[in-house]
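Right, one structure below, let's go through it.
The values are calculated or read from the model by the stated rules, or taken from the named source; none is laboratory data. A quick note: this is a predicted structure, and the numbers were derived from the prediction, not measured. Backbone-built Cβ (ideal geometry, glycine too); neighbour counts: all protein chains shown. Just the protein is used for accessible areas: all its heavy atoms, side chains included, with ligands, DNA and RNA removed. Shrake-Rupley method; radii C 1.70, N 1.55, O 1.52, S 1.80 Å.
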Amino acid sequence: VYLLFQALRQISQRTISTASRRQFENRVSENQKLFQEDNGLPVHLKGGAKDSVFYRATMGLTLFGTTYALYFLLVSSMPKKPN
């Protein structure tokens, strides 16, 4: 049991210590230029096509959810039909 524990501990230490860290490039200044540019777009759409897709999907889900809620409010406000 002790040998198994020691082997597992050695494997876990080796995995953690040899994991290569991904180096990320600092792109803060590029993003600042992009978002401060005066091109008439709202800030939530300045990220490009991906932002536009997320925005439209969010608006679609919001409209669907609102319509769905209003429909069920209407249905629940109707009196029950007698059997």
Hits in region 31-61 (condition: in contact with a Gly (Cβ under 9 Å, 6 or more places away or on another chain) and open to solvent by 80 Å² or more (accessible area, probe 1.4 Å)):
Phe35, Phe54
Across region 10-30, which residue is least open to solvent (accessible area, probe 1.4 Å) among those that are assigned to a helix (DSSP H, G or I) and at pLDDT 80 or above?
Ser29
